[in-house]
Amino acid sequence: MTFIELDLPDVFLIEPTVHTDERGSFRRHFCIEEFAAHGLTPTVVQGNISENLNRGTLRGFHYQTGSSAEAKTLSCLTGGLYAITLDLRRDSPAFMRWESTRLSAENRRSLYVPPGCASGWLTLAPRSIVHYYMSQAFAPDSARGIRYNDPTFDFQWPLEPRWISKRDQSFPDFDSAALEFFRYAPRNSRP
């Protein structure tokens with residue numbers, strides 16, 4: 001596996017090593033030792049699968065606060081998606097900046113989103129299935145969100161979102177004063 005750090009600190013695009021023969025292909029999807037070697041949270045507490053019927057389905061932006069703040073590792077198993085990561089760690093050099101990437105069944109990439117960042121994605125093809133690992137279980141009381149079209153961030157989507165939950169549409173405008181504090185610790189300063 002190759003870990004490529006993106007412009008947001010501790011956000012990684014993970015490219016697998018694919019082994020192919022007459023039977024098909026094989027790739028490692030997760031390895032606790034490789035994650036830990038890059039200073040990432042290797043704990044997996046929950047695995048989720050999001051099945052999206054339509055192109056233009058938007059999910060997010062979601063994150064959890066306090067001791068429930070989670071790391072996520074996202075992969076697109078069928079179809080494709082445009083994923084955005086938003087840095088909400090107040091002392092991060094990238095606080096309130098976002099970065100996008102494309103994940104697809106074809107490119108086989110995964111995206112690692114650290115605690116303190118919100119993530120959202122838009123499907124680029126019908127029947128897109130997203131698999132993601134979480135370092136914390138879902139905690140409804142700690143769950144928060146940011147609206148996909150919040151004017152504070154000027155998110156750029158490659159196509160107009162068409163399928164959005166009422167919850168995701170109803171998040172209020174971002175208020176940095178109300179944002180719970182997330183600690184940013186550079187990887188080289190971690191124990």
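If only one of L81, L13, L77 is under 30 Å from A178 (Cβ atoms), in contact (Cβ under 8 Å) with a residue 24 or more places away in the chain and touching a strand residue (DSSP E or B) at 6+ places or on another chain (Cβ under 8 Å), which one is it?
L81 is the lone residue from the list that is under 30 Å from A178 (Cβ atoms), in contact (Cβ under 8 Å) with a residue 24 or more places away in the chain and touching a strand residue (DSSP E or B) at 6+ places or on another chain (Cβ under 8 Å).
Across the range 1-53, which residue is nearest to P115 (Cα to Cα) among those that are surrounded by 13 or more Cβ atoms within 10 Å (Cβ to Cβ) and of a type in the set (F, W, Y)?
If we take residues in the range 1-53 being surrounded by 13 or more Cβ atoms within 10 Å (Cβ to Cβ) and of a type in the set (F, W, Y), then F12 is nearest to P115 (Cα to Cα).
Does E70 fit the bill of being among the acidic types (D, E), in a strand (DSSP E or B) and either modelled with pLDDT of 95 or more or surrounded by 22 or more Cβ atoms within 10 Å (Cβ to Cβ) (or both)?
On the way: among the acidic types (D, E): yes; in a strand (DSSP E or B): no; either modelled with pLDDT of 95 or more or surrounded by 22 or more Cβ atoms within 10 Å (Cβ to Cβ) (or both): yes.
Spelling it out, it is not the case that E70 is among the acidic types (D, E), in a strand (DSSP E or B) and either modelled with pLDDT of 95 or more or surrounded by 22 or more Cβ atoms within 10 Å (Cβ to Cβ) (or both).
If the requirement is being more than 25 Å from Q156 (Cα to Cα) and either out of contact with any Asp or Glu (no Cβ under 7 Å at 6 or more places or on another chain) or not charged (D, E, K, R) (or both), which of these qualifies: A71, A37, A94, A83? First the steps, then the outcome.
Values: A71 fails: more than 25 Å from Q156 (Cα to Cα); A94 fails: more than 25 Å from Q156 (Cα to Cα); A83 fails: more than 25 Å from Q156 (Cα to Cα).
Just one listed residue meets the conditions, A37.
Just one of W121, W157 is in a loop (DSSP other than H, G, I, E, B), within 16 Å of the chain's Cα centre (by Cα) and either hydrophobic (A, V, I, L, M, F, W, C) or surrounded by 19 or more Cβ atoms within 10 Å (Cβ to Cβ) (or both); which is it?
Just one listed residue meets the conditions, W157.
The values are calculated or read from the model by the stated rules, or taken from the named source; none is laboratory data. On a predicted model such as this, the values are computed, not experimentally measured, just so you know. Neighbour counts run over all protein chains shown; Cβ positions are idealised from the backbone, glycine included.
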